[in-house]
Amino acid sequence: MLLTRRLDRAGLKPLGFVATDYSLAVWGLEDMGIAFKSGRPRLADLFDEDMLGDDLEAWLNESFLLKRTFRNCAVIAGLIDQRHPGKEKSGRQVTVSADLIYDVLRSHEPDHILLEATLQRRLDRAFGNRTA
């Protein structure tokens with residue numbers, strides 16, 4: 001997903017990808033073979049080491065994965081009352097509430113402990129630490 005983000009920034013308009021243990025295929029609206037032959041962009045730049053730095057954080061902040069993880073953290077922390085006797089919220093209502101709280105915290109208190117816990121939980125899951 002980070003690779004498609006970089007391809008998009010390079011103007012190659014990726015539409016999707018498939019990844020296995022042995023290969024990676026990315027397709028898009030532009031002919032990527034021609035672009036790579038002309039050196040726009042260079043393959044080495046796409047796989048630069050900073051891919052796991054700012055790009056990862058920016059992608060996570062924009063993705064639905066972090067919001068979904070935040071939703072679970074917010075319910076556990078008690079910020080969102082999911083089941084109140086006689087007034088149980090639907091999954092959609094919980095999601096809307098969580099998205100609103102997430103957006104407000106990101107805008108006004110970006111280093112909030114719940115946001116940090118959410119990011120840590122998502123990174124643990126992404127990199128194989130299933131105990132988190």
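The figures follow:
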quantity: Some residue of the range 51-62 being farther than 27 Å from V104 by Cα and either loosely packed, with under 14 Cβ neighbours inside 10 Å or at pLDDT below 85 (or both); calculated: yes
quantity: Which listed residue, of R106, R68, R6, is in contact (Cβ under 8 Å) with a residue 40 or more places away in the chain, within 20 Å of F127 (Cβ to Cβ) and among the basic types (K, R); calculated: R6
quantity: Residue match in the range 80-89 (condition: of a type outside the set (V, I, T) and modelled with pLDDT of 90 or more); calculated: no
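The values are calculated or read from the model by the stated rules, or taken from the named source; none is laboratory data. Bear in mind that the values here come from a model prediction, so they are computed numbers and not experimental data. Virtual Cβ from ideal backbone geometry, glycine too; neighbours counted across all protein chains shown.
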